[in-house]
Each structure stands twice: as C-alpha cells, then as structure tokens.
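Please treat every number below as a calculation from the coordinates, not as lab data. Bear in mind the structure is a predicted one, so any value in this text is a computation, not a measurement. Using ideal geometry, Cβ is built from the backbone for each residue, glycine included, and neighbour counts are taken over all protein chains shown.
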Amino acid sequence: MRSTTACMASALTLVLAASLAPAAAWAEPAGQPETAAPAFRTYTAAQFFETTSYGMANPAGLAFSPDGRSLLISSDASGVFNAYALPVDGGAPVPLSASTGSATYAATYFPTDGRILLTADGGGDELTHIFVRELDGSVRDLTPGDKVKADFIGFSGDGKTFWVTTNARNPEVFDLYAYDAATYDSRMIFENPGMFISAVSPDGRWVALGKPITSANSDVYLADLQSGGAPVLITEHTGDVAFDVYDFTRDSKSLVLATDQHGEWNQAWSRDLATGATTPLIQADWDVSYVSYSPSGRYRVSALNADASTQLTILDQTTGQPVRLTGLPDGDIGGVRFSADESRMAFTLASDTSPSDVFVADLSTGTARRLTTALNPDISESDLVEATIVRYPGEGGVMVPAVLYRAKNATAANPGPAVVLVHGGPGGQSRRGYSAMIQHLVNHGYTVLAANNRGSSGYGKTFFHMDDKAHGEADLRDIVAGGEWLRRQDWVADDQVAVMGGSYGGYMTAAALAFHPEAFEAGVNIFGVTNWVRTLESIPPWWGAQRDALFDEMGDPATDAERHRRISPLFHASNIQRPMLVVQGANDPRVLQVESDELVAAVRANNVPVEYVLFPDEGHGFQRRDNRITAQEAYLSFLDKYVRD
C-alpha cells in the first residue's frame, strides 16, 4: 500500500464524464458582449462554512465495512472533524468519534470486524498519532509519545497485519512497524536509514523508498525484507531526473514508478520486481498524479493533472475498457475506494460551485447514487461562480496560468474589487474546485485570480524549477503582474486590487507589500513566512529526509543567509505602506507564531494599519469550523475597509 505522506491528495475528474476544464483564455479574455449583472443573493461567512465537509477514509485503508453496509468517512458536521459510519443504503452518518478539540480523521476499518483506526494530532501541531476504536467504543493510542509522529501505511493482503511508520526511535526518521491486527503487538520490520517509506507490497515482502537528492533529482530504492532488507538503488541515472513511487500492484509483482526522465511531465512506468525490466504504463502531455488499484487489481485508477483539473480514468484491466458511470452531476471525482468484493465503488464528487459529496456506484451497471448533500441548503448553487482558466504575461515571455473567479456583479459599468490569491508551497498549485473562502469573497463582489506563478507544479518541470534559489524575485513579480492584468480588465476597479495567500502564499503577500509597496491596496497574510533564516533553521525534525532537497531549492541557511535576509519581509518591513491583515495558528510547527508576531510589530511601527487574528488552538491550517468562520469574517471585513472603500 502507498504511504499517504508520499502522495499529494488531489480532486479527480472522471475522464468519461463531461469535462469541466474550459478552453484556456490566453492573455486578455475580453471580447464578450457586456450584459447586465445577474441578480443573486449574498450569504454570510457562517452560511458558507456551515456547509459540511466530507472525506473518505485513508487511501491506504478499507473504507467499506466488512459487511459492506457502511462507509468510513471523516466529516466536520459537529464543527470539528470526526469519524463517521455512512450507511451505504442511505441515512444519516453515525458518529464514531466525538472530539471537541483536535481534528480526528478516519483511517480504516479492520478487515473482519467493526473496529477502526483513527488519526489525530494535538491541535494542529502535526504530531499525528494512530488510535484504535474498539467495538465497545473505547479508544486507545497505539503510538504514544509526546514527540512521536506516526502514519498508517495499510493492511497486509491477508488482513492479519497493519503497517505504521513512526519516528519514535529518531525524530528525523520514520521506521516501519508491523502491528498484529488482533493483539496490537508491534515490532520494527525496517529501520529506515533516512529515506521516505513510500509503499509496502501487499505480501509484506517489499518496501519502496524515495530519496530526494535535490529539488530536481531523486531516486527510488527497494528493500527486500525476506533477504535482510538492505535498500537497493533501482533508478540509476545521470543528470537531474526525478523518480518517485505511485504504488505496488496488488499481486506484489510490480512497482509503479513516477519519473520525468522522458520529458517535461511525470509519467508512470512499471518495474517487474523479478526481472527489473521497466515498461511505460501511462504517458501523457500532463503530469500523471495518481495510480492505484482495487483490492484484486482488476481496476486501475489513474489521474492526469490537466491544467488545474484532474482527469480520472478507472480502467477495467480484465476488459481493457474504462468504467462508465451514470447518474452523476458534472464535477471532479476524488477519494475512490472499492468494496472488498469489488462490486461497488465509493468516491467524492465536487465542482467549482459544489463541495465534495459522497457517492456510491454499482460497478456491474455503472449506476451511481448520492449519499450526502454537503452544500448548506440555505445557499443556492446558482448564486455561486464557475471558474475559468486564463493566462497572463509575466516577465521574459512566460505566460502565467491562473484560475479566475469573476464576481457576478463585476461589469464595465460597475467595476468591482479584486484579489490576487497566491497558493502555498513553494511548488504548490491553485486548482479548480470548491472553496468556501473563495466563493464567499466572490459572492461579496471580489473577483479572485488564483495565480500559478513560475515555480508552481502542474505545468512541466521547466516551469516548476524557474524559481529555484530565486524565490521572492521573478515569481513574486508574476504575482504583481497578476494585479496589473486585473487592473486592465474593464470590469475591475483599478484602485481596488489586493493580494492574499497562505503559507508560502502568505510570504508572497508580505513580500509584495514590502518589495512592491504600491502594487496592491492591501494584503492578507495567512501564516506566511516572514523570516526565511529562522524558518529554514527551525524546520520540524520529521522533515529530515527532505531537508537537503529543500535547501537545494530554497538555499542552505548556513551559506545563503544573506540572500534569505534580502528576500525576507521582516527585514524590510519599513517599506510597507499598505494595510495588512495577519492570521496565524499558535501551534503551527512550520511557520512559527513569532514570524507573525514580529512582522505585525514592525509594520505597526510604520504607523501602517495592521490587524492580527491569532488562534490558540490551530496549526498550519484551520480545522475548527468556528475558527474558519472567524478568519473568513476577518478577511471580508478587512478588504471592505481598506480595498473596497
């Protein structure tokens, strides 16, 4: 099974369904006749976030109960994420956990009974533990320890063992443990020499490991636990080539590798474990983002990251034909899970205007049924906005992709305010799909341009590496160019454009205000890095296996501290002239609270308006609904005060 820490979750679009990805609009999307702004209702932040979030059990786990009657899901129906059993034949989800503090997520059912595994950290500190919920409802921590971080890897093919990685021995390294599914007795079966444990074969013999070398160069090793378990390099190469792991096949005979060796895009290649022979499995003009299999291996699920939407294919390998599903609205499919007998498939489906709902399909007929309705019934989907893909010019002839959410009431006769939204990373991607944060702002008249500056993933390796050791330079100017592009649209008020982002996007927001002080009217910095020297010196210990690759991309603080100071907003806060909102979680292990504290103090010393929202019970991302509502209300209030007026 795959390690979920080695895979990026993504929304998946069924390739056979009507595609949601529109034709790209290059540069200026003008030329459409002006029409009157449509009538629509506006909604509060609370109404948007009273929408219920649903997610499937861990992709390495068993989502269907042994009797096939329930699906194991995670939901924030109570205001905090908890685990639920969702009846397959319809009905309300049954709570299986009752946390009122830390988010608690469903990992897996046990193969033969109703026990489940749960995961939870300590209020956003990312020190995730594995818990078992017994049949009587009692819960027990299987990975205790104040500084321990653990991850569920999967069950063995016979269901008698489950695998967990944990850094209990060494904070920087995750070793592999086998747990007896009946007694919970555990033993280390692989001592990790300092790599990523990416997958374990269903028969328990093979462990696939990833080893980052630089941001552009990585290897895969294979350890045979039947012959001592010493990792063997299986991706010998020269030059910069990235290799990674998708999954083992269910018969444990092949390993599916990811590689960009053959061009701009990640392709899927299959390696025969007996002979070492490799053959191409999936090749396309976009990155292959996902490959997995149903329990017997009959169905192969694969996805392409196609221009900020994901195109999903479910292939019946016995017929060579893709699965055809009926009864579905348009949207992106994600979280595909199969029943043990492969008669049914569960998944989530979302679109720009509809959050993820859970569906189940009969694989003999392809007929799908909706099991949940996530969108707050007080909100009409017709009042929300469908995104389009645009590209605008950056410096050096680079065209910058972006996801545009145009406010319904923004017209040439009534130009409105706008926000350039910057994703996290570095190396993340803004993608299509439902966002309560975005839709709430758009519903209140703010056009949102979610930019994918150079250095973003999803557009080929050349584009991805354009910002290596050059962060806060051309990539930041791409964000400034996004603001300039918005001002050129006759339906945007050219004196009402803000910048906003979280994590690395928060850094870009603060950097825009510090290094381009007149480019935006205001900025919303959500747990953004402000001092790269400190951040890179204080990365969490469990990032040990990727530290070298991170330093290759960002620069080593031991040798590049001068450049890090040069691009850090904190050391140039005296330049900031425009208002800023800062939002931070006190438990954030990635961007420490002091990053925000110091920037707020420095900007206030300029007599520049600064608003600061600090959540004592959150980390790097806000899990509690009440906190998400508070943050969203702060975004809109701040923008209305300093941008719209």
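Think of region 385-644 as a dipole: +1 on every Lys or Arg Cβ, -1 on every Asp or Glu Cβ, centred on the Cα centre; then among PHE622, GLN489, ILE479, GLN489 lies furthest on the positive end. Could you give the nm distance between label points at ASP640 and THR279, where each point is 7 Å from its Cα heading toward the beta carbon? With each label point 7 Å from Cα toward Cβ, the separation is 6.2 nm. Between region 207-260 and region 618-645, the alpha-carbon centres lie 42 Å apart. Sorted fewest first by neighbouring Cβ atoms within 10 angstrom, SER270, SER343, SER138 come out as SER138, SER343, SER270. Any lysines with Cα under 18 Å of the LYS469 Cα? List them, leaving off those in the same chain fewer than 8 positions away. Answer for LYS469, where 18 Å is the Cα cut-off: LYS461, listed by chain and number. Think of each Lys and Arg Cβ as +1 and each Asp and Glu Cβ as -1; about the Cα centre, that makes the dipole of the chain roughly 600 debye. With q set to 0.10, 0.17 Å⁻¹, the log10 of I(q)/I(0) for region 116-255, from the Debye formula over equal scatterers at the Cα positions, is -0.37, -0.99. Using r as the Cβ-Cβ distance of VAL232 and VAL139, and R0 as 45 Å, what FRET efficiency do you calculate, to the nearest 0.05? That pair, VAL232 with VAL139, gives E of 0.70.
DSSP beta bridges fully contained in region 385-644 are about 30 percent antiparallel. Take each peptide in 109-119, 600-610, count the other Cβ atoms within 10 Å of every residue, and average; sorted highest first, the result is 109-119, 600-610. For LYS147, a cut-off of 29 angstrom between C-alpha atoms picks up these lysines, skipping any fewer than 8 places away in its own chain: LYS160, LYS211.
For region 435-505, the gyration tensor built on C-alpha atoms gives a prolate shape. Its axis ratio a/c (a ≥ b ≥ c) is at least 1.5, and a/b is the larger of a/b and b/c. Between the helical axis of 593-604 and the longest alpha-carbon principal axis of the chain there is an angle of about 0 degrees. For the chain, the longest stretch holding no GluC sites (Glu not before Pro) located in a DSSP loop with at most 11 other Cβ atoms within 10 Å is which? That would be 237-517.
How high is the FRET efficiency between ASP146 and ASP203 when r is their beta carbon distance and R₀ equals 41 Å, given to the nearest 0.05? Mind showing how you got there, number by number?
Numbers: r = 35 Å, r/R0 = 0.86.
Calculated transfer efficiency: 0.70.
Checking every one of the chymotrypsin sites (Phe, Trp or Tyr not before Pro) in region 154-208 against DSSP loop status and a limit of 13 other Cβ atoms within 10 Å picks out TYR184. Taking R0 as 22 Å, what's the FRET efficiency between SER380 and THR326 from their Cβ-Cβ distance, rounded to 0.05? About 0.30, to the nearest 0.05. Looking at region 194-303, none of the trypsin sites (Lys or Arg not before Pro) sits in a DSSP loop with at most 12 other Cβ atoms within 10 Å of its own Cβ.
What is region 579-635 by shape, rounded, prolate or oblate, if you read a ≥ b ≥ c off the alpha carbon gyration tensor as root eigenvalues and call it rounded for a/c under 1.5, prolate for a/b larger than b/c, and oblate otherwise?
Working: a/c = 3.35, a/b = 1.45, b/c = 2.31.
In terms of gyration-tensor shape, oblate.
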